[in-house]
Each structure stands twice: as C-alpha cells, then as structure tokens.
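The values are calculated or read from the model by the stated rules, or taken from the named source; none is laboratory data. Just so it is clear, the model here is predicted, and its values are computed rather than measured. Here the Cβ positions follow ideal geometry from the backbone for every residue, glycine too, while neighbour counts run over all protein chains shown.
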Amino acid sequence: MARKILLITTDQQRYDTLGCNGGTIARTPVVDSLAASGIRYERAHPQSVVCMPSRSTILTGQHPTTHGVWMNGVPLPLDAPSVAALLNDAGYRTALIGKPHFQPMLDPFMRFIENALGDETVPTGGSHRGFEHLEFATHGPMGPLHYARWLAAQHPEAVGMFYRVLDSQLQVNADGGGDTAAPQVHVNQIERGWYHTDWVADRTISWLDSLRADDDWFCWMSFPDPHHPWDPPESEVGRINWRDVPLPAGYPEDRAEREAILDAKPRHWRMWYDGSLVSNYEAPARWVPATLTPDQVREVNARNAVECELIDEAIGRVLARVGERGWENDVDIIFTTDHGELQGDFGLLFKGPYHVDALMRLPLIWRPAPSASAQTSTVTAPVGLVDLAPTFCSIAGLAAPEWMQGASLPVNDEDAALRGFERVLTEWDSELFGVDVHLRTITRAGWVLTTYRRGTVHDGSEGELYDLADDPRQRNNRWDDPSCRGIRDDLTADLLANLPPARQPKLLLEAPV
Amino acid sequence: MTAPRASIRREVRIRSGADEIWEWVGNPSRLPEWWPGITACVVDGDSRTITMGSGLPMPEQLLTVDRLQRRFQYRITAPIFREHTSTIDVHDLGDGTTLVVYSVDADPSTMALVIGGAAGNALQELRSLVEGKS
C-alpha cells in the first residue's frame, strides 16, 4: 500500500489570506494546522497568473510555453501529459472534484468534454486525463457542470440567487452590489449547505466513501472560491464586518501616491487603472479601477475572507472523514491555489499582466503523510506549481518522467540548496481583440525581474525590477536604476538561459475563457 | 482602446481541389457534417437555423452563396448579436491544395471569439474529412 495524495486547490487566493502566512482577517485553523505539522512555502509562484495555463501546469508539470496553454481560452490538448494518468497507471484510484478548467468554459457548442459530460461522473473510456471520477463545479449555477445540474434539480429556487458572472454581452460583469457597490460583490441568499464550497467537500467525501480501505488514491479537490464573484452565503457574511477590515498594506490610500507608483511601472498598468486599455478578459471590461473606493476594498476583502473560512471548514470535514476511514497516517496533503488576486493592491482588483506578489505569491503547504516521518519546516527558496507533479510522483514512489520540467518540492531550505532551487519563472501572453501583452518573469535571490516583449503598448524595452527585501510591496521599480544595472543584466541573462522550450505549432485561442 | 466589435480569422490549407471543398462549404445544409458541436441545421430559403450542442438554436440569414468566387457569407440574427457577419472564402492555390479562410466580425466582441474559435476547430474537422476521404 502506497501513500495516498489529497491535492486541495482553491482559485485565485492570495498568500496572505491564511493565518499561517500572517493573514489577520480570515480564520483558517485547519490549513494553519496542516502548515504547523508540515512544510510551509514562503515563495511559491505559479507559472501563469490565470486559471487555464496554471491548472495545466499543475496537471502536466510543464511551463505554459511547453504545454501550450498560453492563456485562458486555449484548450489543453486531450493527449497532453498528465500526472493523474501516471498515478492511475500505477494503480491509484483517481478523482477530480470541483473546478477543472483545462478547457474553455464558454462553450455553447459543447465541443469540450469537460462541458459535455452531462450527468456522467465516469468518462467514456474509463478515464479523462487520468481521472476515473469527475464531478465538476465552477463559480455559480450556470452552465452544464455537475454542480449546476445538481442545484437546478435539487434546489431550483437557489439558481437565481447567485451573482451573474457574465453580463448580457458575455463580458465579465462589472455590476456592483453589497453595501459599497463593489464590482462582483453580491448578496446571495443561498443556504450554506447548497453553496459550491460545501458541495465540493460533500462530493469528495462521497467519493472517498466509495473506496476500499486499502486503495491507493489521488484526489484533486478543487474549490472554485475565493475567486470572484464575492457572493458567499449571506448567512455567513456576518462573520466579518467589512467596516472593521483594515485596508491592505498593498493599497496606497492616497490617490497621488497610488498613481505615482503606477506611473513608474510599464504603461499598461496605468492605462488599465484609467480605463483606457483592457488587455485581457479576466477583469470586467466596463469597470475602471480608478473608481475603486477604500470601502469597496474593505468589503471585497471581507467577503473574500468569508469564502476562505468556508473553504477551511469544508477541508476540515473532508479531513475528518479521512481520519474516520483510518487513512490519517498515510495521506499526503498539499494545499495551494492556481494564482493570486490583486484585491486592492495598487488600487486594482482581479488579475491581469501584473507580475507582483498579489498575483504570484501563493499559499503552498505540504503536509507529508505522518508515516513518512518528515520534519516540519518553512521553505524560503523559490518553488513553483510546476514542481507539484514531480512531488506527486515522489510521494507515490514513481520516477518523474522526463517531460516534467520541475522537481519534487524541497522539504527544507538545505534540501532546496542541495537540489538547486534557485529560481522560479512566470509568463504571460495575451492576444485579445487586437491587444497583445507579453511578459517573462524570474524570481531569484530576493529579486523579481520582469521583461517585456514587443506588444500593443510596449516596445520591448520596458521592464520591472523589485528588491523583495527592501520593497516587499513592489512599489519601487528599479528597472532604470543605474545602481541595479548589474543585477538587472544578471537576472535577464538567467531568465533567457532558462526559458522552457515552446510547443510547436502554437495552439489557438478558441474561446474567451 | 477596446472596441466593441471584433474580428477573428481562422484558416486551413487542405490537400484537395477548391471545387470539392466548395461542395462542403457552399451547401448551407451540410454544416453539421463538418462543424463539431452543431447537431442540426434547417435551411428555408435564405434562412438557416442551427442547433448547438447545448441545445440552443441560432437563427441565421444567408447573405452570399457565390459559386464562382467561392464565397459564403451569413449573418447571425440572434438578439445577443448587435452585429455579425461571417465569411468563408475558398481559394484555389493552384498546386492541388485549397486555402479556406473563415472570418468572423461581430459585436459583442466576445461572441466573435466564441464563433471564430469554434470555426477554427470546424476547419480542422473539414480538413480531416476531406483528406481522410481522398
């Protein structure tokens, strides 16, 4: 019998939303407890700051350039490599429960299998990307996924209670709600037990209950929250009074200071803030960040924290069932997310081509199976989501195949130094309706450097350079600072030397998201 | 910087003559044969209604069916579109291959990508069907 693996992911969750990472708004005792008894990573980065590329990296163990999903809307090929398939071939029972998003969700033709499963939970042929059990959910009750079907069948009165994620033009909705009219905030009267967070936990428990005690298993439990819309069950919103929530440290309240910080960055930052450029689909096209108020930031953060608390409690229920099944000592638990959320930093919300900690610094916790007798630790070396798939192989006693580009996560900083965890890369390529933006970022030795390729509003000479020790909020762009020329040249050369190979031919954008 | 109207273009080169390709593309009733995700299609004069895999109907108006230029154009008349024109051009490259270009212009822009993305997939299917047959 091998060690079992529970991969828990959330969607668009910041590093600082967990108590164990210094968060003070949400109470997250379950995940904090995993961190206390396991390994907590302080510098874990995604290889893309949007969902589809990042989730494809988790599954394939490859950078976006290599697996080919360069932006939301580019489907991961069905024959792409999959760590779940490796584990399944090795005898693991496998399940993906919650949000998948390896294929576009906006799919009226139902061309993509993730949308076309109907009520089936076992895919045709016995498995899909190595998963033999599939139950899908996304951020609301619309669409063809299992959660939407379940809610429509069991609680049809709740379907209309959610925020409408897309507007009548199928753009990300800019409508505001709550007390402050913040975008994507909404009062949702749904009963807590019907909300997708608890549904994901319920379905995970049901699948675990279907297994034999001696089965080896890999379960990816994928919560759609705390990604916007911020519409948690209203019964739970009273946990945190938004008026008591402090403004985040990353939010410069003084408008002149905020805009001066933006002006020191490549011009697409300020252009989006002012509403003169929309470069990607993931933020509401009709919302202008400059209109964001301090109270809206507070309310967004409060509701986000409520969603984080609900996730933490849902994880607690699943772990309790793991214990009841007698698996506690043999289960490795990994908690992370696909990317972060701006959540008020620099006066911005949502996500886009902005490679700063708000979007890149992720919560990552690995609680090895107690039977493995691992030591608790905190890892400060840079690691990436690209390292997850090799880690699963290591846990299962499998050799990581050559197509994986990461390495099994280090168990402490000494291990990281010995095995060469020096740098982590993140990339962005968007091409939408005549606007393209291209970023390549390296994080190494306490610095973050981003280079720009030629695009609609960039000539290719722009860049960002931040000293994480002196400037943890990345407010002071040192790209043009003569005293930093040496580190800039060194990091740029290192970035170019370590860029992953590109998939050929380039995959096409097939949908907005 | 963000216009509501968008253009999406997809193309495919097929190892077959233009006349054969036109037999598929120029016949509005044959669309479900080569467009994955279209389950039915009813043509009545210059009106065509397709049914998508989600079950949603999509009403269309045929604008151009020009056998000599090998150009097919239609307009989607569903209310979500403020404006839409799709154009399929079939070009004989003179070397036994044919270039098929599918252009979608639409407002709202999101729908241009929804239709254009699926059209790209359909062109790949068309190539598989034609080249697999020959």
Item to check | Hits in segment B:91-121 - residues which are more than 14 Å from chain A (Cβ to nearest Cβ) and surrounded by 23 or more Cβ atoms within 10 Å (Cβ to Cβ) | outcome: B:Thr98, B:Val100
Checklist entry - If we scan segment A:395-405, do we find a residue that is more than 14 Å from chain B (Cβ to nearest Cβ), within 21 Å of the chain's Cα centre (by Cα) and of a type in the set (S, T, N, Q)? => result yes
Checklist entry - If you check every pair at least six apart or on different chains, which have Cβ atoms under 8 Å apart with a residue in segment A:433-448 that is within 14 Å of chain B (Cβ to nearest Cβ) first and a residue that is among the acidic types (Asp, Glu) second? => result A:Asp436/A:Asp429; A:Val437/A:Asp429
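Can you tell me which residue among A:Arg111, A:Arg93 is basic (Lys, Arg), crowded, with 19+ Cβ neighbours inside 10 Å and touching a Gly at 6+ places or on another chain (Cβ under 9 Å)? Talk me through it step by step, then tell me what you get.
Working: A:Arg93 fails: touching a Gly at 6+ places or on another chain (Cβ under 9 Å).
From the options A:Arg111, A:Arg93, the qualifying one is A:Arg111.
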Checklist entry - Which residues, taken from segment A:242-251, are within 21 Å of A:Gly22 (Cβ to Cβ) and either charged (D, E, K, R) or outside any helix (DSSP H, G or I) (or both)? => result A:Asp244, A:Val245, A:Pro246, A:Leu247, A:Pro248, A:Ala249, A:Gly250, A:Tyr251
Next on the checklist: Given the criteria surrounded by fewer than 23 Cβ atoms within 10 Å (Cβ to Cβ) and either within 14 Å of chain B (Cβ to nearest Cβ) or closer than 29 Å to A:Arg303 by Cα (or both), does A:Ala137 qualify?
Outcome noted: no
Item to check | Among the residues listed as A:Trp287, A:Trp199, the single one being modelled with pLDDT of 95 or more and touching a strand residue (DSSP E or B) at 6+ places or on another chain (Cβ under 8 Å) | outcome: A:Trp287
Next on the checklist: Testing A:Leu508 on (1) buried (at least 19 other Cβ atoms within 10 Å of the Cβ); (2) within 14 Å of another protein chain (Cβ to nearest Cβ), one condition comes back false. Which one is that?
Outcome noted: (1)
Checklist entry - Would you pick out the residues in segment A:143-181 that are within 14 Å of chain B (Cβ to nearest Cβ), among the hydrophobic types (A, V, I, L, M, F, W, C) and crowded, with 16+ Cβ neighbours inside 10 Å? => result A:Leu145, A:Ala148, A:Val165, A:Leu166, A:Leu170, A:Val172
Next on the checklist: Could you check segment A:475-493 and list, in sequence order, the residues that are out of contact with any Leu (no Cβ under 8 Å at 6 or more places or on another chain) and surrounded by 17 or more Cβ atoms within 10 Å (Cβ to Cβ)?
Outcome noted: A:Arg475
Checklist entry - When segment A:213-241 is examined, which residues are found to be touching a Gly at 6+ places or on another chain (Cβ under 7 Å), in a loop (DSSP other than H, G, I, E, B) and among the aliphatic types (A, V, I, L, M)? => result A:Ala213
Item to check | Enumerated helices (runs of 4 or more DSSP H) restricted to segment A:1-83, each holding at least 2 residues that are within 13 Å of the chain's Cα centre (by Cα) | outcome: A:51-60
